[in-house]
Each structure stands twice: as C-alpha cells, then as structure tokens.
1. If a residue has to be of a type in the set (D, E, K, R) and farther than 13 Å from Lys6 by Cα to count, how many in region 32-76 make the cut?
2. Which residues, taken from region 100-158, are among the acidic types (Asp, Glu) and either surrounded by 23 or more Cβ atoms within 10 Å (Cβ to Cβ) or part of a helix (DSSP H, G or I) (or both)?
3. Take Leu73 and tell me if it is under 12 Å from Ala19 (Cα atoms), in a loop (DSSP other than H, G, I, E, B), in contact (Cβ under 8 Å) with a residue 12 or more places away in the chain and out of contact with any Cys (no Cβ under 8 Å at 6 or more places or on another chain).
4. Is it true that some residue in region 45-55 is of a type in the set (Lys, Arg), farther than 28 Å from Ala160 by Cβ and either in contact (Cβ under 8 Å) with a residue 12 or more places away in the chain or not in a helix (DSSP H, G or I) (or both)?
5. Lys59: touching a Leu at 6+ places or on another chain (Cβ under 7 Å) and either under 25 Å from Tyr101 (Cβ atoms) or crowded, with 16+ Cβ neighbours inside 10 Å (or both), yes or no?
6. Assigned to a helix (DSSP H, G or I) and not small (Gly, Ala, Ser): does that describe Gln83?
Amino acid sequence: MTYAYKLMESPVGELKLVAKGDKLAAILWKHDRPNRVRLGDLVEDSERPVLVETERQLKEYFAGTRQMFDLELELDFQGTEFQRKVWAALLTIPFGQTRSYSEIAQQVGNLNAVRAVGAANGRNPISIVAPCHRVIGASGELTGFAGGLANKMLLLSLEAGQTSLEAATNEQTQERTRVRVPMQLRSLQRRVRRKQRPVRGPK
C-alpha cells in the first residue's frame, strides 16, 4: 500500500506526518535515521484529513494549549507484537510525567526486557503522539532520542510547564539551544525525577 505524507514546520524542526489510508502511521523527524521506521512508497498529500487533523493537534500541543491527543486519531502501529506492546504502553504515560525503561518493561510484563524496551522505544514510528520522549534512564538521565537530545529536552520542558515551544523558538535559535543543553539538562533531570511515578505490573 502507498503511504501519504504531509510536511509541517514545527518548533522542533520539520516533521513528516505519514498516513496509511485514514490512519496515522508515522511522525518522522527531518534528520531521522534511514529505515528506523519501515514504510512503503510515499506520495505527498497535504489534504489527507488525518494528516490535517494531526497537524492541527500538534500545533496546539507546541503552543502549550493541548495535553492529550484526541482518540479520534486512529494509529496504525506496524511492528512486532512486543514492539506494539511497548508503543501501547507509551500512550499510557500522562502528560508531564516520565517512566523509566524498567518501568515500561514491568508494565508490558517482562522485567528482564529493559534493553528490548529501549530498542522498541527507539523505533517508535509515531513520535510525540506516542510519547517516547517521556521515557528516561532509571537515574533520570535523558537517553537517546530519534529527534535529538535537544528536542527531547524541549518537549519535556514544555510538559513541565516551563514554556511553550513556540515561545522558546522565538527567544533563541536552535544553535543556542544546543549550546545550552548541558546546563538545562541538569535542571530538567531534577524535575523529571520528581515527576516519576511507580507503575503497577499486570496482575
């Protein structure tokens, strides 16, 4: 099947929104690693309703006026059974909170699968909507992210109530953001540690 895509500008760089039929299949970063998300042939279709609606909700999220994405956005996760379990677990992490890889492993029912959870998290096809940026290291460190560590920090900063990303990009260039990451990272790590909440494993 051919996939439709729409490009959108955002405070975290250009995003490629991808649909399979009337379902959202991917949100990709401008400098996404080739083949991180496997898709079929892509054809641009800026008027595809699901892509237009996704862009609208993302703009509200970046502006700081939306905390949840509507369930009317049907998601088409293509992956292994284990990957889909991890991606479904991502959808349960509330806005403004974080989870560790071990907590996600516990949630999907396999405490020994921490590395596999990390690998699945890295291949999450629907970035931001399925919030893989809310998964951090056990000690609070911000680990790797397909969109780049600076963007992971900005998304978490937005959700911590620090600023809207629209305001942040008006105040500083992306280059300045990268320079300031180490100092902001230490501050953000302290905040996200306080926001972590335990999760219950399956009964």
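1. The number of residues fulfilling the criteria is 12.
2. Result: Glu103, single match.
3. yes
4. Yes - at least one qualifying residue is present in region 45-55.
5. No, not satisfied.
6. Considered against the rule, which asks whether it is assigned to a helix (DSSP H, G or I) and not small (Gly, Ala, Ser), Gln83 comes out as yes.
Every read-out reported here was derived from the displayed coordinates using simple, explicitly stated rules and does not represent laboratory data. Computed from a predicted model, the values in this text were never measured in an experiment. Note: ideal-geometry Cβ built from the backbone for every residue, glycine included; neighbour counts use all protein chains shown.
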